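Single-structure report; data block below.
None of the figures in this text is laboratory data; all of them are computed from the coordinates on show. Just so you know, these numbers come straight off a predicted model, no measurement behind them. Cβ atoms come from the backbone with ideal geometry, glycine included; neighbour counts cover every protein chain shown.
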Amino acid sequence: MPPRLEVQNLNRAFDGQRVVADVSFGVPAGQVACLLGPSGCGKSTTLRMIAGVDMQDSGRIFVDGKLVCDTVFRLPPERRAIGLMFQDFALFPHLPVSENVAFGLKGGHAANRARVAELLDRVRMTSHIDSYPHELSGGEQQRVALARALAPRPRVLLMDEPFSGLDERLRDGIRDETLALLKEEGTAVLLVTHEPHEAMRMADQILLMRDGRIVQQGAPYNLYNAPADRQVAAFFSDIN
Ligand code: ADP
Ligand code: MG
């Protein structure tokens, strides 16, 4: 069986400067892969190409073995069965929680009461179903955003620094809750982060990126115990 998400030899340059260089990896269903690396190394650009909001110069993207994008064929973002949860991908302020969660579903909340109820229960937001985003705390908004991203049962979920806007004291709790729900839903997740601690806590597989390239990939304990070089070791050395 092919992995749920497969990326082969992705390349992207801006103004002649290569920011994603020959990136290849696979994410099986039910697993979380963390694309980890310092700011500016090319993580968000990689995610944007997989989402379909940016176009690679070369390389191919597959979902469940089906071609989603290469240099001649390009499935539009809404037909990729790929969900997004970006840092600046806020809730819709004019819609209550119920309609925010149902946003990606045909017929809105009225046609999808069971699915919305199931997800709100799972993120402990049932009592806020009629609230508006501005009435919620940052952590609560984040939980609703997760429910919204998962509602259409995406085959792949892309998350770009999803916890970075949250209070540091809340983050580990929300990371653990998020991970539990992702595992229950069984989607393949590609999570971008610049924090080694977050990748160690959440990843089945870490893809360590530097200057547009994946310099090491494997289970968290492999990278931690057997770093490929001094820079990788240094990156993991100040883990909290
Ligand atoms: P990361 O998410 O790892 O912080 P990005 O993928 O956002 O990194 O950016 C990688 C590099 O590509 C950076 O040097 C950034 O300035 C550059 N870059 C990203 N998007 C564009 C763009 N649309 N035009 C020009 N340069 C860009
Ligand atoms: Mg980024």
Please list the radius of gyration and Dmax for region 155-240, considering alpha-carbon atoms only, with Å as the unit.
13.2, 37
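Does region 66-180 come out rounded, prolate or oblate by the C-alpha gyration tensor, with a ≥ b ≥ c the root eigenvalues, rounded set by a/c under 1.5 and, if not, prolate when a/b is larger than b/c and oblate if not? Let's see the in-between values first.
Numbers: a/c = 1.99, a/b = 1.32, b/c = 1.50.
Because a/c hits 1.5 or more and a/b fails to exceed b/c, region 66-180 counts as oblate.
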Compute the Cα gyration tensor for region 1-135, then decide on rounded, prolate or oblate, letting a ≥ b ≥ c be the square roots of its eigenvalues: rounded whenever a/c is under 1.5, prolate when a/b is larger than b/c in the other cases, and oblate in all that remain.
prolate
So which residue, out of Ala110, Ala147, Ala33, gets the largest mean-square fluctuation from a GNM of the chain using Cα contacts under 10 Å as springs?
Ala110
Centre separation in Å (Cα based) which lies between region 130-184 and region 222-240
28 Å
Output the 0 to 90 degree angle, nearest 10, between the alpha-carbon long axis of helix 168-185 and the longest principal axis computed from the alpha carbons of the chain.
90 degrees
Quick one: length gained pulling Ser164 to Phe92 fully straight, 0.36 nm per residue minus the C-alpha distance?
24.0 nm
List the extent of the Cα atoms of region 142-200 along each of their three principal axes, largest first, rounded to whole Å.
29, 20, 17
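In debye to the nearest 20, how big a dipole does region 144-191 give about its Cα centre with +1 on each Lys and Arg Cβ and -1 on each Asp and Glu Cβ?
Numbers: 7 positive and 9 negative charges, 50 e Å.
The calculated dipole for region 144-191 is roughly 240 debye.
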Here P(r) for the chain, Cα-Cα distances in 10 Å bins, as whole percents, is 8, 32, 35, 20, 5, 0
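Just from its helices, what would the mean residue ellipticity at 222 nm be for the chain, if runs of 4 or more DSSP H residues each count -39500 (n - 2.57) and the sum is divided by every residue, rounded to the nearest 500 deg cm²/dmol?
Values: 8 runs with 76 residues, N = 240.
Dividing the helical sum by the residues of the chain leaves -9000 deg cm²/dmol.
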Taking alpha-carbon centroids only, region 3-36 lies from region 57-85 a number of Å equal to 12 Å
Karplus-derived 3J(HN,Hα), 6.51/-1.76/1.60, for each residue of region 19-28, Hz, glycine and proline x:
10, 10, 10, 6, 8, 9, 5, x, 10, x
List the lysines whose Cα sits under 18 Å from the Cα of Lys43, skipping any in the same chain fewer than 8 residues away.
none
